[in-house]
Structure formats: structure tokens, C-alpha cells
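One structure is given below, encoded as C-alpha cells.
The values are calculated or read from the model by the stated rules, or taken from the named source; none is laboratory data. Computed from a predicted model, the values in this text were never measured in an experiment. Note: ideal-geometry Cβ built from the backbone for every residue, glycine included; neighbour counts use all protein chains shown. Heavy atoms of the whole protein, side chains included, go into the accessibility calculation; ligands, DNA and RNA do not. Shrake-Rupley method; radii C 1.70, N 1.55, O 1.52, S 1.80 Å.
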Amino acid sequence: MKLSKKLICVMLCMALSAVSVFAGGRGQAEFPSRDVAVVAPWGAGGVTDLIVRSLAEPMQAELGVNMPIINMGGAGGSIGMHDVFVSPRNGYRILGTSMTSIATVRVMGLADIAPAQWHAWNAAFTPNVIAVRGDSPFQTLQDLIDAMAANPGAIPMGSAGPGSSGHVGGVVFASGAGTTFNHIPYEGGNPAIIATLGGEVEFTAQVLAELIDHLRSGDLRALATLATEDITITGAGGQSIVLPSVLNYLPNLAPMLPLGASIGFFVPRDTPMDIVEALDRAYFAAVQSASFRSFADDRGVVVVGQTRQQTDAYLVSHSSVVNWVLADMGMAVVPPDQLGIPRP
């Protein structure tokens, strides 16, 4: 069949238009076209879960798709971390976790994934709190320090797992006190708190956002916070509850503070940049949203809202501090210097 020149021109124009649409669709107009799953590699109810969920709601409004949270706990957060790292680089599976777990995963021998292999957004911070149950015999931090010194390595502390923010907070506290504890790991911050409430462990060093309701009710009591100043929260009856800074007892910890959980989002570094930029816009909309700021005020969370470049710099310095503390306390599986991590 012989085609006319006019018909050939029309067909060529249609083909070029289709190529143009396809090429343009590969960019931000095509992402996202379906739900974006967020893997939180810790149990439900912990600080990571709380913060990630509160950010996902305004983010999904910006992206125009749902952002279901998948809790995938285990192995110090490394199972969920690995799941996202080996997933296709299409932006439909992102990681929501703490900067500490990203920073310590190699030193703890849990996964061979360096912080520099992620694009990261540091959204929020909440400080560690050394807390005991309300009827604990330890009335002050000094009481706990004295008991730990008298029984090195025997007093049990519960955390969300090796290399978690709560574990590192406990290690930093113990290093400043010149003693050790018996580390009991759980599958997330909430189980560690329940263990403290039930008397399975004597104390926890989980973070304020997780502990605040129990501190308000009096079921838990704060002996100290790993912040540079005392923190005051409002209790259930409207009374003020002062959380003393650990520096009141251990001023030698000043260079390490503040310490706690910095929570944010991560995608592998080789994710296409148009996808990263779309997530960028949704992230900044979320940290500036009224709903997230209201959540932060209620839960003892500081809105950080760092850019990817600022988060990169933070991860370098944070990795240096926490990994060498772990090494000096004999808890590192892989020496930090073997991984090229300098001392702070």
C-alpha cells in the first residue's frame, strides 16, 4: 500500500509526540503514580513509627498518593534497611528510621551499608531520657550510677536493639559514669518501655517522644535527659515535671550532647534525581505543616527540617561520635577506623 506524503508526515508527528510524552513522563510527572510505601524498621509505637507516621500524612497530601507504613523490625533496624536498599530505585519504597541506626549499622556488624550510600533527610530530634518505673528505688541519677558501680554489668537496661538511639544513649551515659550495664534488646522502643514498666529491666534510655505519656502519668520517672539543659513538661494534672539534664551529674558528657533520636527519610543514593526532588518537595511540605508541628509540640520533639546536604554533614559528625563511643565501650563488632570513621 502506498502512503501519501501527507499521511507519512502526520504519522511521524504522532510518533515524535509519543516519544516526547514518554520521555517527559519519565520525570516528575510520572512519579508518583501509585502508593509510596515507607518501611519503618522498628516496631509500632516507638519513636521512629510515631514520627514517620506523623510526617507521612502531610507528605502524601503533597504527593497525591497514599504512604502506608510497613513496620519491619529486627536486627537493630537492619532488616528493614536492607529491604529498602535492595529494592528497585523507583521511589516507591523508602526508609523511615533514625540517623543513629544508619550511622552504626556497619560498626555493629549488622549490614554493610554506609551512610554515604543514602540520600537522607533529617526531619526531627527528640532527646534520650534515663527513665525508671514510678516506684523504682532509684530516686536520682546518682542512685542509679552508684548501683551500677557496685554491680558492674549487672543492672539491666532495655533498648530497641543494638545500635539503636536508646542503646547508644545508654552507652554514652554509662561511659560518662565509668561503669556498665546489662543490655537487654527488644524489637523496638515500645517493647523496651513496657519491659521497664513491668520490671523486666531497671531502666531504659529511650527517647522523650516515646516516654512522654508515661512520664506525664507518673508510671515512669525521669532521672535525667541527655540534653544540655533541664526540660520541663506538663504532667497529667497540669503540674510541671522537670527532666534534669545529665550534666547536673556528669558534666564530662558535655561534648557528646545533645543526644537522642534524629529521625528522617532515606532512599538509595542512586535513585533518579527527579524522584529525589519530588520527595524533597513533599518532605519540606511535611516538616512545615501545622499538623506535624502540633505533633512535635505535644510529644517533646524538635522540628529540625535539614536539607539533604545538611543531613550528609550531620551523619558524618554523628557517625564519628556514636561509633567511637561503642568502640571504646567494647561493643563495636567492626572497628570504626577499619571503616574509615575518624575519631571525633
Problem set entry | Residue check for Ala154: farther than 22 Å from Leu247 by Cβ and free of Cβ contacts under 8 Å to residues at least 40 places away in the same chain | yes
Exercise. Is there any pair linking a residue in the stretch 244-263 that is farther than 13 Å from Glu229 by Cβ to one that is open to solvent by 10 Å² or more (accessible area, probe 1.4 Å) and part of a loop (DSSP other than H, G, I, E, B), with Cβ under 7 Å and at least six apart or on different chains, and which?
Worked result: Ser262/Val304
Exercise. Under the condition of being touching a residue at least 12 places away in the same chain (Cβ under 8 Å) and among the small types (Gly, Ala, Ser), which residue from the stretch 307-321 is surrounded by the most Cβ atoms within 10 Å (Cβ to Cβ)?
Worked result: Ser319
Exercise. Which of the residues that make up the stretch 134-163 are among the β-branched types (Val, Ile, Thr) and either touching a Gly at 6+ places or on another chain (Cβ under 7 Å) or part of a helix (DSSP H, G or I) (or both)?
Worked result: Ile145
Exercise. With respect to His214, is the statement that it is in contact with a strand residue (DSSP E or B) (Cβ under 6 Å, 6 or more places away or on another chain), part of a helix (DSSP H, G or I) and either of a type in the set (Lys, Arg) or open to solvent by 10 Å² or more (accessible area, probe 1.4 Å) (or both) true?
Worked result: yes
Problem set entry | Residues (more than 22 Å from Glu210 (Cβ to Cβ) and open to solvent by 40 Å² or more (accessible area, probe 1.4 Å)) located in the stretch 275-306 | Glu277, Arg281, Phe284, Gln288, Ala290
Exercise. Could you say whether any residue in the stretch 48-65 is modelled with pLDDT of 90 or more, touching an Asp or Glu at 6+ places or on another chain (Cβ under 6 Å) and not polar (S, T, N, Q)?
Worked result: yes
Problem set entry | In the stretch 60-78, the residues that are surrounded by fewer than 22 Cβ atoms within 10 Å (Cβ to Cβ) and within 11 Å of Val105 (Cβ to Cβ) | Ala75
Exercise. Residues of the stretch 228-256 being under 25 Å from the mean Cα position of the chain (by Cα) and part of a helix (DSSP H, G or I), which ones?
Worked result: Val246, Leu247, Leu253, Ala254, Pro255, Met256
Problem set entry | Members of the stretch 182-200 found to be surrounded by fewer than 24 Cβ atoms within 10 Å (Cβ to Cβ), at pLDDT 95 or above and not in a strand (DSSP E or B), listed by number | Ile194, Ala195, Leu197, Gly198, Gly199, Glu200
For this session: Give the number of residues within the stretch 262-296 that are in a strand (DSSP E or B) and of a type in the set (Val, Ile, Thr).
Result: 2
Exercise. Is it the case that Pro268 is modelled with pLDDT under 95, surrounded by 14 or more Cβ atoms within 10 Å (Cβ to Cβ) and out of contact with any Gly (no Cβ under 8 Å at 6 or more places or on another chain)?
Worked result: no
For this session: State whether the residues of the stretch 118-133 include one that is buried (at least 24 other Cβ atoms within 10 Å of the Cβ) and in a loop (DSSP other than H, G, I, E, B).
Result: no
For this session: Among residues belonging to the stretch 78-103 that are touching a helix residue (DSSP H, G or I) at 6+ places or on another chain (Cβ under 6 Å) and assigned to a helix (DSSP H, G or I), point out the one that is nearest to Glu57 (Cα to Cα).
Result: Met99
Exercise. Is there any pair with a first residue in the stretch 322-344 that is open to solvent by 70 Å² or more (accessible area, probe 1.4 Å) and a second that is of a type in the set (A, V, I, L, M, F, W, C) whose Cβ atoms are under 8 Å apart and which are 6 or more apart or on different chains, and what are they?
Worked result: Val333/Val107; Val333/Met108; Arg343/Trp324; Pro344/Val321; Pro344/Trp324
